[in-house]
Amino acid sequence: MPTKFDADEVAHIHRQLHSHLPSESALRVKALESLLVDKGLVNPQTIDAWVEAYTEQIGPKRGARVVARAWTDADYRQRLLRDAPAAIDELGYLGKATAHLKVVENTAQIHNLVVCTLCSCYPFSILGIAPPWYKAAAYRSRAVRDPRGVLAEFGVDISDDVEVRVWDSTAELRYLVLPQRPPGTDGMNEDELAALVTRNSMIGTDRDLAGE
C-alpha cells in the first residue's frame, strides 16, 4: 500500500532540518575558510587556537575585570547598574556590542539568565566570541521555557526560594550578569578577583563562584 502523505508533517520535518543548519553568513565564512586552507594560506589549527582564545580567554577577561571592579568599588557598581555603557567605557572597553547594554545583578534571592531567542546577540566586546551552546536552537528555546532545567544541565541547581529571571537579548539591548562575590575573598585584590569570574557566570549558566 502506498504511504500516506501528510503535507503538514513534511513541512514540520523540513523546518526541523533547517533549524539545525548554520546561518548563511556562517556557511559563507566556512566556505572561505575551506578555500584558504585548501590553498595552503591558512592553518586550520591556527584558526581553532584563535577562536578558543577569544572564546575562553581574551574576551571574557574584559568582562571579568568589570565584575571585579564592581565587587571592590561600591560607587562603580552603582554606576554599572545604572548606566552600563558609561561605566564600561571608564575601563576602555566600550564597543559596538556594549553600546546598548544592561547589567543585571545576582543576589541571594534572584538568579539571572541571559539568552537570545531570535539569533545569538551577545556582548562580544567584553565577553569574546559566544560559545557554541549559546547559539544552539535548543538553548535559545529551552532557556525561556525551562530555565531551571537548563541550569541543572550546567550543574547549577537553583532552590525554589530563588527567583530565576530570563533576559532576552536583542540587537538593540544586550545583557550581562553581575554574579555574586564569592565568600572568603575579602582580602583579594582586583586582579585576584577577576581570575575567579567565569564567562558562564556573566551569562548566568554559572552561579556559585569558587573563592579561596
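The values are calculated or read from the model by the stated rules, or taken from the named source; none is laboratory data. These figures come from a predicted structure and were not determined experimentally. Neighbour counts run over all protein chains shown; Cβ positions are idealised from the backbone, glycine included. With ligands, DNA and RNA removed, areas are computed over all heavy atoms of the protein, side chains included. Shrake-Rupley method; radii C 1.70, N 1.55, O 1.52, S 1.80 Å.
Helices (runs of 4 or more DSSP H) fully within the range 30-82 that include at least 1 residues being at pLDDT below 70, under 25 Å from the mean Cα position of the chain (by Cα) and within 13 Å of I129 (Cα to Cα): 44-52, 59-72. Of all residues being of a type in the set (D, E, K, R) and in contact with a strand residue (DSSP E or B) (Cβ under 6 Å, 6 or more places away or on another chain) in the range 92-132, which is farthest from T170 (Cα to Cα)? Just the residue, please. Residue satisfying both the conditions and the ranking: E105.
Inspection of the range 98-117 identifies at least one residue that is modelled with pLDDT under 95 and either in a helix (DSSP H, G or I) or of a type in the set (V, I, T) (or both). Total residues in the range 98-119 satisfying the condition of being buried (at least 19 other Cβ atoms within 10 Å of the Cβ) and farther than 18 Å from D206 by Cα: the figure is 2.
Of the numbered criteria (1) of a type outside the set (D, E, K, R); (2) over 21 Å from L80 (Cβ atoms); (3) open to solvent by less than 40 Å² (accessible area, probe 1.4 Å), the one A138 fails is (3).
I'm trying to understand the selection: among the residues of the range 126-135, which are open to solvent by 30 Å² or more (accessible area, probe 1.4 Å) and part of a helix (DSSP H, G or I)? Within the range 126-135, P132, W133, K135 qualify. Of the helices (runs of 4 or more DSSP H) entirely within the range 144-212, those holding at least 2 residues that are under 17 Å from the mean Cα position of the chain (by Cα) and either at pLDDT 95 or above or surrounded by 14 or more Cβ atoms within 10 Å (Cβ to Cβ) (or both) occupy 147-153, 199-203. The residues of the range 60-87 that are without any contact (Cβ under 8 Å) to a residue 60 or more places away in the chain, out of contact with any helix residue (DSSP H, G or I) (no Cβ under 6 Å at 6 or more places or on another chain) and open to solvent by less than 60 Å² (accessible area, probe 1.4 Å), listed by number, are D73, P85, A86.
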